[in-house]
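> Below are the structure tokens for one structure; questions will follow.
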2 protein chains.
Amino acid sequence: MPKNCNFIEKLREVGLRPTKQRIKICEVLYNREKTFHFTINDLVKMISEKMNEKISLATVYNTVHAFEKKGYLKEISIDSHKSYFDTNTSSHHHFFDEDTHELIDCDESDIDKINIKKNITGKKINSVEVLVRVASDNQTQK
Amino acid sequence: MPKNCNFIEKLREVGLRPTKQRIKICEVLYNREKTFHFTINDLVKMISEKMNEKISLATVYNTVHAFEKKGYLKEISIDSHKSYFDTNTSSHHHFFDEDTHELIDCDESDIDKINIKKNITGKKINSVEVLVRVASDNQTQK
DNA sequence: CAATAGTTTAGAATTATTATAATGTAGATT
DNA sequence: AATCTACATTATAATAATTCTAAACTATTG
Ligand SMILES: [Mn+2]
Ligand SMILES: [Mn+2]
Ligand SMILES: [Zn+2]
Ligand SMILES: [Zn+2]
């Protein structure tokens, strides 16, 4: 965790111009110990809270999608009503807390290898991901 | 597959009034051999193609969500840009064809039992579902 | 220091979904 | 069968998320 990660270089490497807005977004997203999950709304709030300047919503959308295309971010679909993004771009599974609507990572090593007996002819498997929906234990004794 | 399924009774059983709109939606959804996946848009098209009368979009939304709440339909999240529904309400897995954006069922029996080693304290598992993303085999030799 | 290609921005446009409120209807009551 | 009432449908308006637009700005190149 270098104090001042060189996001300029990182951005250049993938052909994105290191503008101050993109560097700011990089800082919010990647200048931390652990990966995390966020919605566009979360990100906009984080930026406006942690920084003094405001960034246009369009720029946030554009940059997030540019990062997604470059493989810097991963989009997670759990709730069709919200778009979640993940700074952990590796293939992994999730718990989704239906009480808090929180996403929690689950490493591939936390789940035994998944064996799929069926296959689709002419198609190749790109990813296999598990979504485990969880909820509070005490409200289940109906 | 009775020719004229008694949707009126079915609707009454769960406390929904059997209006002609709901019966029409039932026919489109359940008067077939196999379960299937659809978006609201698909459903509206199906109704207007198969039937002569038009049903208000609001009614389609309301009815689909009423059915979902009653457990007659299940919502599937794969693509945050689209809401898919499933007339197969049992717990099952899916293949998602990234070329055609088509959802294909995968029975629980087609995948070996999934063993989750991690658990979230205080939380109970509600469901474990797998999403297998597939794509054409020949475009993968980049 | 231009010139240029790429970027940001505010605001408009689009799309999906939900809310509203007036009208209609199924089923019960007389 | 006429009337009543709660629930439904409908057209339309409102909202929310996302994308588009086109003008202003800026990082890089020469
Ligand atoms: Mn997207
Ligand atoms: Mn829904
Ligand atoms: Zn994750
Ligand atoms: Zn299905």
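The values are calculated or read from the model by the stated rules, or taken from the named source; none is laboratory data. Computed from a predicted structure; not experimentally measured. Neighbour counts run over all protein chains shown; Cβ positions are idealised from the backbone, glycine included.
> Identify, please: which residue in the stretch B:76-88 is under 13 Å from the mean Cα position of the chain (by Cα) and modelled with pLDDT under 95 and is, among those, farthest from B:Cys26 (Cα to Cα)?
B:Ile78
> Which one of these is closer than 28 Å to B:Lys117 by Cβ and either more than 14 Å from ligand 3 (Cβ to nearest atom) or surrounded by 15 or more Cβ atoms within 10 Å (Cβ to Cβ) (or both): A:Val28, A:Val128?
A:Val128
> Going through A:Ser80, A:Ser136, A:Ser109, A:Ser90 one at a time, which residue ends up being surrounded by fewer than 16 Cβ atoms within 10 Å (Cβ to Cβ) and at the interface with chain B (Cβ under 7 Å from one of its Cβ atoms)?
A:Ser136
> For the stretch B:112-122, give me each residue that is under 26 Å from the mean Cα position of the chain (by Cα) and more than 7 Å from chain A (Cβ to nearest Cβ).
Within the stretch B:112-122, B:Lys113 is the sole residue that qualifies.
> State whether the residues of the stretch B:31-49 include one that is within 13 Å of DNA strand D (Cβ to nearest atom) and polar (S, T, N, Q).
yes
> Still on this structure, I have one more. Evaluate the stretch B:38-59: report whether one residue or more is within 14 Å of chain A (Cβ to nearest Cβ) and exposed (fewer than 13 other Cβ atoms within 10 Å of the Cβ).
Checked against the condition, which is being within 14 Å of chain A (Cβ to nearest Cβ) and exposed (fewer than 13 other Cβ atoms within 10 Å of the Cβ), the stretch B:38-59 yields at least one hit.
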